[in-house]
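Student: First the structure, then my questions, so here it is.
The values are calculated or read from the model by the stated rules, or taken from the named source; none is laboratory data. Everything numeric here is computed off the predicted structure, so don't read it as measured data. All Cβ positions, glycine included, derive from the backbone under ideal geometry; neighbour counts span all protein chains shown.
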Amino acid sequence: MWLSRRFKFCPSCGAEVHYQVPADDNRERATCTACASIHYENPINVVGTLPVWEQDSTPQVLLCRRAIEPRHGKWTLPAGFLELGETTLQGAIRETDEEAGAQIEIGPLYGLMNVVKAGQIHLFYRARLLSTHFNPGPETLEARLFAEHELPWDEIAFQTVRDTLRHFFADHRAGNGFPLHCGDISY
């Protein structure tokens with residue numbers, strides 16, 4: 001079982017926490033030794049887009065080369081952590097702007113992947129690029145378009161991105177639309 005044990009001290013009172021199974025629960029929780037507050041750890045949502053530029057029936061996808069860790073210098077789709085106060089759709093649009101400076105028309109949810117060992121859920125929306133002009137932010141070294149045969153497969157930062165790209169190009173070749181892809185990433 002994956003357990004992050006993120007808490008060492010109680011966010012409510014600052015006392016030390018111990019991991020134990022509270023009454024009427026079925027798993028260990030961070031429980032304060034002083035005020036008895038129980039602190040729950042839940043998965044983090046990562047949201048992003050699969051931005052596509054298509055001319056002459058040949059799609060190109062926008063990838064960003066990371067300027068930050070983890071996986072500095074590797075390529076990824078524009079994505080990042082969902083912020084409080086925004087929907088997954090709003091977060092995906094914001095991340096695309098922050099990382100790539102890309103203007104998009106957002107489409108439907110395309111990929112949902114559980115990354116259990118990392119405590120994350122990754123959600124990717126399809127998007128249509130409105131321009132090929134990009135203005136990458138500080139987390140991105142470079143943003144550029146790739147046709148399928150140009151993809152730097154050995155330099156893709158994350159398995160969720162690799163799987164999303166494989167699904168997209170397979171769906172495009174099949175010509176039967178772009179269904180929602182759900183899956184689990186296991187290492």
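Student: I need the full set of residues from the stretch 159-187 which are basic (Lys, Arg) and surrounded by 11 or more Cβ atoms within 10 Å (Cβ to Cβ), in order please. It would help to see each step written out before you state the result.
Tutor: First, pick out the residues of the stretch 159-187 that are basic (Lys, Arg): 162, 166, 173.
162, 166, listed by residue number.
Student: Is it the case that residue 95 is under 15 Å from the mean Cα position of the chain (by Cα) and outside any strand (DSSP E or B)?
Tutor: Working: under 15 Å from the mean Cα position of the chain (by Cα): yes; outside any strand (DSSP E or B): yes.
Judged against the criteria, residue 95 is a match.
Student: Suppose we filter 141, 129, 77 for residues that are at pLDDT 95 or above and either under 14 Å from the mean Cα position of the chain (by Cα) or under 12 Å from residue 47 (Cβ atoms) (or both); which single one remains?
Tutor: On the way: 141 fails: either under 14 Å from the mean Cα position of the chain (by Cα) or under 12 Å from residue 47 (Cβ atoms) (or both); 129 fails: either under 14 Å from the mean Cα position of the chain (by Cα) or under 12 Å from residue 47 (Cβ atoms) (or both).
Just a single option satisfies the conditions, and that option is 77.
Student: With the structure loaded, tell me whether residue 135 is closer than 25 Å to residue 69 by Cβ, among the polar types (S, T, N, Q) and loosely packed, with under 14 Cβ neighbours inside 10 Å or whether it fails that test.
Tutor: Working: closer than 25 Å to residue 69 by Cβ: yes; among the polar types (S, T, N, Q): yes; loosely packed, with under 14 Cβ neighbours inside 10 Å: yes.
So residue 135 fits the description; yes.
Student: Moving to a separate point now. Could you list, ordered by first residue, the pairs with Cβ atoms under 6 Å in which the first is in the stretch 159-171 and at pLDDT 95 or above and the second is assigned to a helix (DSSP H, G or I), at least 6 apart or interchain?
Tutor: 169/148
Student: Report the residue count in the stretch 38-66 for those that are assigned to a loop (DSSP other than H, G, I, E, B) and within 21 Å of residue 82 (Cβ to Cβ).
Tutor: 4
Student: Take residue 134 and tell me if it is modelled with pLDDT of 95 or more, in contact with a Gly (Cβ under 6 Å, 6 or more places away or on another chain) and either among the hydrophobic types (A, V, I, L, M, F, W, C) or not assigned by TED's automatic domain parsing to the domain that holds residue 63 (or both). If you could, list the steps in order and put the result at the bottom.
Tutor: Numbers: modelled with pLDDT of 95 or more: yes; in contact with a Gly (Cβ under 6 Å, 6 or more places away or on another chain): yes; either among the hydrophobic types (A, V, I, L, M, F, W, C) or not assigned by TED's automatic domain parsing to the domain that holds residue 63 (or both): yes.
Against the criterion (modelled with pLDDT of 95 or more, in contact with a Gly (Cβ under 6 Å, 6 or more places away or on another chain) and either among the hydrophobic types (A, V, I, L, M, F, W, C) or not assigned by TED's automatic domain parsing to the domain that holds residue 63 (or both)), residue 134 qualifies.
Student: I've got another one for you. Given the stretch 117-187, what strands (runs of 3 or more DSSP E) lie entirely inside it while holding 3 or more residues that are farther than 14 Å from residue 100 by Cα?
Tutor: Fully inside the stretch 117-187 and qualifying: 120-129, 181-184.
Student: Just one of 114, 26, 45 is within 12 Å of the chain's Cα centre (by Cα), farther than 20 Å from residue 134 by Cα and surrounded by fewer than 16 Cβ atoms within 10 Å (Cβ to Cβ); which is it? Reasoning before the result, please.
Tutor: Details: 114 fails: surrounded by fewer than 16 Cβ atoms within 10 Å (Cβ to Cβ); 26 fails: within 12 Å of the chain's Cα centre (by Cα).
Step by step, each of 114, 26, 45 is checked, and only 45 is within 12 Å of the chain's Cα centre (by Cα), farther than 20 Å from residue 134 by Cα and surrounded by fewer than 16 Cβ atoms within 10 Å (Cβ to Cβ).
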